[in-house]
Amino acid sequence: MRDNLRMIVFVVVLGIVLSAVIFAVNSFTAPRIAKNDELTTKRTILDAHAISYQESDLETVFSQDITVVKTADKTYYALKNGDIAFEFNGSGLWGPIRGVISLKSDLQSIKRIVVIHQEETAGLGGRLAERKYLSSFDGKKFAPTILILNRRRAAGDTEVDGISGATLTSKAFEKLLNEQVAEYLRGYGG
């Protein structure tokens, strides 16, 4: 009985000590993690707007070139020439896809898409995060939607070639982009 009581006390004390250590580590690292997330967002926004920067002047370039416009539930990153960018987030085939899309001042023409995170099949659907594939969207238009084609070659201003062997991922990405762009543009007042 006494051994059982000692074991229970030991486990409780160990749990309290380990919880305190985890809390202390979290308190120490939380500001650094938040700052790194902020810098990643700024890098991605500048990349989406095709603005050059060095790591040493990242925050200066961002504050000089980007105007952050917040509405009730959305955040936009605007340039003086009227180009905007915003983050998109939604479902792919196998998991979430998150990134940033920038549109030219006509609010239809794609300037650039940057994918930050995706969980699609490596070597197939995962290619949607590669710059080589994403560059095929540059200059295309949401008029009123973008189409990602898998059965024929893209020919029009609103068409992009799909990823060979990843038809369902391509369609999920198409749906995500069209829904997110429509939603963000509804809330954008310029």
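Derivation of every value follows stated rules applied to the coordinates shown; laboratory data play no part. Worth saying up front: this structure is predicted, and the values here are computed from it rather than measured. Reconstructed Cβ throughout: ideal geometry from the backbone, glycine too, with neighbour counts over all protein chains shown.
Scattering from the chain was approximated by placing one identical point on each alpha carbon and applying the Debye formula without solvent; log10 I(q)/I(0) at 0.13, 0.19 1/Å stands at -0.74, -1.30.
If you count Lys pairs in the chain whose Cα atoms are under 18 Å apart, skipping same-chain pairs closer than 8 places in sequence, the total is 17. Using a simple spin-label model with pseudo-atoms 7 Å out from Cα toward Cβ, M7 and R186 lie 6.0 nm apart.
When peptides 52-63, 163-174, 129-140 are sorted by average Cβ neighbour count within 10 Å, with the highest value leading, the order is 163-174, 129-140, 52-63.
In terms of the mean number of neighbouring beta-carbon atoms within 10 Å, the peptides 175-188, 143-156 order highest first as 175-188, 143-156.
In sequence order, the range 87-102 has phi-based couplings of 7, 10, 7, x, 8, x, 6, 10, x, x, 10, 9, x, 10, 10, 10 Hz under the Karplus curve 6.51 cos²θ - 1.76 cosθ + 1.60, θ = phi - 60°, and Gly or Pro positions carry x.
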